Amino acid sequence: MKLQPVKHAPVLIAVAVIASVCLARLVNLRPVDRLERLAYDWRVRAAQHFPQPAATNLGFIFIDDESVTALNRGLLGQSYGLLWPTHVYGRLVRELSVQEAQVVAFDVLFPERRTDHAPVLVSTDRWSDITGFLEKLHPGDAPTAMEEQGEKFVIVDSDDFFAWQLHRSGRVVLAAENAVLPHPLFATNTLALADISADRDPDGVLRRARAFRVYRRWHPAFKQAEVEFGFDLAKARVEPGRIVLTRSDGQEVKVPVDADNHFELADFGGEKLPAGLSPKARAFTDERVWHMGIVLAAQQLRLELARAEVNLKRGRISIPGPDGETRVLPVDREGYLYINWELPANDRRLTQEAIESLLAQDVARAEGREEGLTNRWRGRLAVVGSSATGNNLTDRGATPLEKDTLLVSKHWNVANSLITGRFVRRTSMAADCLLVVLLGSLTAVLTWRLRAFTAAGGVLLLALAYCGLGVFLYVQFRIWVPLVLPVLGAMLVQHGLLVTYRVVFEERERRRVMSVFDKMVSPHVAREVLKMETLALGGSRREITVFFADVRGFTELTDGTNDRAAKIVAESKLTGAAADAVFDELAREMLETVNRYLSLVADIIKQHDGTLDKYIGDCVMAYWGAPTANPRHALHCVRAAIDAQRAIHALNRDREQENQRRERDNVARAKQGLAPLALLPILTLGSGINSGIAVAGLMGSEKHERSYTVFGREVNLASRLEAVSGRGRIIIGEATYEHLLRDDPALAATCIEQEPARPKGFQKPVRNFEVPWQTPSSSLAGTPTTP
């Protein structure tokens with residue numbers, strides 16, 4: 001058996017779907033990307049049930065509503081509202097330094113000095129270095145000193161106190177965000193700056209963190225001009241040979257610069273600049289500020305961020321460390337890395353403590369009450385941030401883990417990724433397209449090759465297996481493979497389209513086959529053929545009853561028609577095309593007559609659920625019992641033969657009545673000199689029936705016409721019985737008679753056994769029986785006769 005050739009339409013559908021899905025991945029359609037991110041969030045939450053090893057020295061010092069209440073009630077001797085003086089944070093730094101925290105990172109901005117805050121008294125007996133720090137900070141200005149109960153103090157500005165603690169600690173990281181840097185007083189005394197920007201996706205969920213941002217530090221002259229002249233430095237344009245500044249009223253000022261962006265202080269766009277500055281200086285410097293989580297991990301791993309190699313085209317940032325070790329951060333082309341949300345805010349592996357608790361410990365140490373105090377933060381990477389709600393300290397939002405959680409958690413999760421080396425890696429665009437092609441091809445093969453329910457089950461199992469693989473890869477290895485496009489696009493959409501096409505195509509084929517077979521055979525054969533996977537040539541043995549019905553009188557009709565045509569041509573002296581037209585017209589009438597008789601027999605065969613096999617000249621062949629089984633095939637066949645004879649008899653009676661009318665009309669026509677009307681031919685039917693085992697199946701060439709038929713000895717015998725049936729008679733074989741005895745004894749009792757016949761091709765005589773079919777009202781027309 002040959003396989004059917006692959007149809008072009010399904011292949012084109014599969015290719016079109018795969019190409020469309022790959023294109024959707026390339027252009028990054030927002031609705032699809034939104035669904036994919038939701039599927040990613042689901043995997044992130046699932047991974048929480050399978051915790052992985054994490055860094056053990058990460059901590060969070062939180063500022064919550066109780067912290068605000070504690071300071072408002074005078075924890076530090078005075079009452080403070082929401083905006084705390086910077087010396088509060090200085091005290092926190094002092095306490096964490098005593099506890100030997102490795103790094104203290106503030107998720108709090110300190111962009112300006114606060115001159116409205118009260119100063120702090122610092123004991124020079126205990127903190128002798130304060131005087132030297134203040135002299136360097138304010139040259140020529142001696143700090144204000146005082147003495148109380150024999151102890152010497154200096155009065156220190158709150159911001160200066162914070163800067164002093166930053167300087168003394170040498171382990172504090174300050175935050176920068178959205179081009180806002182710490183005030184130079186703080187920035188110059190800190191260990192490092194870190195970016196705390198939260199770049200949410202379009203759906204408002206924080207999934208990524210930018211590895212670093214470039215912050216531009218403008219020269220003080222530009223900063224002063226921004227205040228005095230209304231420039232917006234955020235909109236400044238750096239062009240070759242000049243810097244274009246825009247006033248608030250839209251007026252532009254062009255500041256000339258050299259190739260290194262140096263400018264003349266004496267001339268700043270025609271405006272007089274403050275005196276005392278050097279005549280030439282660099283207009284700005286660009287500084288790479290790394291994400292706070294990366295800065296924390298770099299301190300832990302002793303990575304050299306200043307020597308980092310950034311290659312965004314290849315999606316990697318290489319940061320060298322000690323002993324030739326290098327940490328590689330996987331990033332996208334915009335420099336973002338996906339946050340591995342391993343440690344939620346409530347994770348027990350995270351050291352956590354309220355800020356008021358540490359401030360209370362600082363107060364106790366300052367008063368000499370150190371008994372019972374611990375160094376809980378020794379060696380810790382501490383992040384200071386807000387967990388407060390309902391005020392401007394709130395720093396909450398949506399992450400893949402929760403719809404509302406602490407966004408400060410991004411810092412220790414990024415640090416944990418770098419420390420443990422476990423990063424979220426999203427598969428490349430090429431890998432995504434390869435997955436789409438693979439899954440789309442498998443889906444197409446399953447859908448087209450298997451039956452509908454089997455294919456649907458196979459595609460569903462394939463989709464579930466792929467989704468399971470996607471979850472496993474993320475949970476175990478933090479590999480993000482796409483789910484939405486491969487499953488919904490390459491698999492489910494493709495399956496739906498192919499199934500739709502298959503239904504439409506097969507229904508069209510069904511209608512075409514049914515339209516062909518309805519004209520030739522019974523609907524049973526058409527349905528049987530439609531159920532076949534392929535129209536194979538193989539057959540099967542079936543018990544059937546075969547019926548041959550031959551229209552008697554056809555030869556006489558043909559001869560009479562030809563004689564009549566010749567007479568008309570001769571009398572009318574017709575030649576050429578005119579003569580041919582007479583012969584053609586009479587031949588058409590003859591064919592209509594025969595078809596009238598044959599169609600009558602064919603309709604009766606179908607009414608009795610028989611299979612109309614073929615027309616053999618003026619003979620009809622039919623059978624019962626194939627392709628669908630029929631245990632009463634013989635009885636149905638004989639009854640069809642009886643009804644066929646009776647129908648022919650009724651037809652002949654109507655035609656005889658019509659002939660009598662025409663004969664009367666012809667008398668009148670003769671008197672008028674008109675040609676007589678031709679009388680209608682009267683034909684009869686001879687029938688032969690036999691039952692037995694025959695081979696049933698499609699006969700013919702696979703490349704050409706094929707027809708469902710039966711053949712074998714019993715078929716030949718039925719044909720031979722038809723030959724001896726004469727006119728208007730039904731002759732059945734012995735096997736058919738035995739079936740009648742079983743299925744309809746009353747009908748079998750009416751059968752009349754004939755003399756054994758010796759049909760052509762059969763060596764022994766064959767028993768045969770005649771089945772009476774006439775009713776008492778039957779006329780002489782169509783009376784059975786022997787041959």
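The values are calculated or read from the model by the stated rules, or taken from the named source; none is laboratory data. This structure is a prediction, so every number in the text was calculated from the model and none was measured. All Cβ positions, glycine included, derive from the backbone under ideal geometry; neighbour counts span all protein chains shown. Calculation scope for accessible area: heavy atoms of the full protein, side chains included, ligands and nucleic acids excluded. Shrake-Rupley method; radii C 1.70, N 1.55, O 1.52, S 1.80 Å.
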(request) Just give me the residues in region 254-267 being part of a loop (DSSP other than H, G, I, E, B) and either more than 22 Å from LEU181 (Cα to Cα) or of a type in the set (A, V, I, L, M, F, W, C) (or both), in sequence order. (result) VAL257, ASP258, ALA259, ASP260, LEU265, ALA266, ASP267
(request) Enumerate the pairs (first residue in region 220-231 and in contact (Cβ under 8 Å) with a residue 12 or more places away in the chain; second residue anywhere and among the aromatic types (Phe, Trp, Tyr)) with beta-carbon separation below 6 Å, excluding pairs fewer than 6 apart on the same chain, so at least 6 apart or on different chains. (result) ALA225/PHE231
(request) Could you check how many residues of region 670-690 are surrounded by 14 or more Cβ atoms within 10 Å (Cβ to Cβ) and over 29 Å from ILE730 (Cα atoms)? (result) 2
(request) For residues that are within 15 Å of the chain's Cα centre (by Cα) and either polar (S, T, N, Q) or open to solvent by less than 30 Å² (accessible area, probe 1.4 Å) (or both), scanning just region 419-442, find the one that is farthest from TYR40 (Cα to Cα). (result) SER441
(message) For GLY673, only one of the following conditions fails: (1) in contact with a Leu (Cβ under 9 Å, 6 or more places away or on another chain); (2) on the phi > 0 side of the Ramachandran plot. What is its number?
(response) (1)
(message) On the basis of being assigned to a helix (DSSP H, G or I) and at pLDDT 70 or above, does VAL516 make the cut?
(response) no
(request) Among residues belonging to region 300-318 that are of a type outside the set (A, V, I, L, M, F, W, C) and assigned to a loop (DSSP other than H, G, I, E, B), point out the one that is surrounded by the fewest Cβ atoms within 10 Å (Cβ to Cβ). (result) LYS313
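For region 226-253, which positions are of a type outside the set (Asp, Glu) and assigned to a helix (DSSP H, G or I)?
Once the filter is applied, which keeps residues that are of a type outside the set (Asp, Glu) and assigned to a helix (DSSP H, G or I), region 226-253 yields VAL227, PHE229, LEU233, ALA234, LYS235.
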(request) Evaluate the following for TYR40: is it of a type in the set (Ser, Thr, Tyr) and under 24 Å from LEU343 (Cα atoms)? (result) yes
(message) For region 304-320, check the following and say yes or no: at least one residue is hydrophobic (A, V, I, L, M, F, W, C), over 30 Å from VAL68 (Cβ atoms) and out of contact with any strand residue (DSSP E or B) (no Cβ under 6 Å at 6 or more places or on another chain).
(response) yes
(message) So, in region 319-343, exactly how many residues are acidic (Asp, Glu), open to solvent by 10 Å² or more (accessible area, probe 1.4 Å) and touching a Pro at 6+ places or on another chain (Cβ under 9 Å)?
(response) 0
(message) List pairs: first residue in region 78-99 and farther than 14 Å from ILE63 by Cα and without any contact (Cβ under 8 Å) to a residue 60 or more places away in the chain, second residue among the charged types (D, E, K, R) and surrounded by fewer than 21 Cβ atoms within 10 Å (Cβ to Cβ) anywhere in the structure, Cβ distance under 9 angstrom, at least six positions apart or on different chains.
(response) SER79/ARG73
(request) Test GLU592 against the stated conditions and say whether it is at pLDDT 85 or above, surrounded by fewer than 12 Cβ atoms within 10 Å (Cβ to Cβ), farther than 30 Å from ARG713 by Cα and over 60 Å from the mean Cα position of the chain (by Cα). (result) yes
(request) Test each condition in (1) open to solvent by less than 30 Å² (accessible area, probe 1.4 Å); (2) not in a strand (DSSP E or B) for LYS223 and report the one that comes out false. (result) (1)
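Are there helices (runs of 4 or more DSSP H) fully within region 401-488 with at least 3 residues that are touching a helix residue (DSSP H, G or I) at 6+ places or on another chain (Cβ under 6 Å) and farther than 30 Å from THR351 by Cβ? List them.
Because the criterion is at least 3 residues that are touching a helix residue (DSSP H, G or I) at 6+ places or on another chain (Cβ under 6 Å) and farther than 30 Å from THR351 by Cβ, the helices (runs of 4 or more DSSP H) in region 401-488 that meet it are 429-449, 452-477.
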(request) Output the residues belonging to region 636-653 that are buried (at least 21 other Cβ atoms within 10 Å of the Cβ), in contact with a helix residue (DSSP H, G or I) (Cβ under 8 Å, 6 or more places away or on another chain) and either not small (Gly, Ala, Ser) or not in a helix (DSSP H, G or I) (or both). (result) CYS637, VAL638, ILE648
(request) May I ask you to list pairs of residues, at least six apart or on different chains, whose Cβ atoms are under 7 Å apart, with the first in region 356-378 being under 14 Å from SER97 (Cα atoms) and touching a residue at least 60 places away in the same chain (Cβ under 8 Å) and the second being open to solvent by 30 Å² or more (accessible area, probe 1.4 Å) and in a helix (DSSP H, G or I)? (result) LEU359/ARG91; ASP362/ARG91; ARG365/VAL98
(request) Please note which helices (runs of 4 or more DSSP H) are completely contained in region 691-768 and include at least 1 residues that are under 24 Å from TYR597 (Cβ atoms) and open to solvent by 10 Å² or more (accessible area, probe 1.4 Å). (result) 713-723
(message) Show the residue pairs meeting these rules: Cβ distance below 9 Å; 6+ apart or different chains; first residue within region 33-45 and under 10 Å from ASP203 (Cβ atoms); second residue among the polar types (S, T, N, Q).
(response) ASP41/THR399
(request) Specify which of the listed residues (VAL459, VAL445) is open to solvent by 50 Å² or more (accessible area, probe 1.4 Å), of a type in the set (Val, Ile, Thr) and without any contact (Cβ under 8 Å) to a residue 40 or more places away in the chain. (result) VAL445
(request) Evaluate region 81-91: report whether one residue or more is closer than 23 Å to ARG365 by Cβ, more than 56 Å from the chain's Cα centre (by Cα) and assigned to a strand (DSSP E or B). (result) no
(request) Looking only at region 15-31, count how many residues are hydrophobic (A, V, I, L, M, F, W, C), modelled with pLDDT of 90 or more and open to solvent by 30 Å² or more (accessible area, probe 1.4 Å). (result) 4
(request) Working only within region 49-68, note down all residues that are open to solvent by 60 Å² or more (accessible area, probe 1.4 Å) and under 31 Å from the mean Cα position of the chain (by Cα). (result) HIS49, PHE50, PRO51
(request) For region 83-103, state whether one or more residues are open to solvent by 60 Å² or more (accessible area, probe 1.4 Å), of a type in the set (A, V, I, L, M), closer than 30 Å to LEU407 by Cβ and at pLDDT below 90. (result) yes
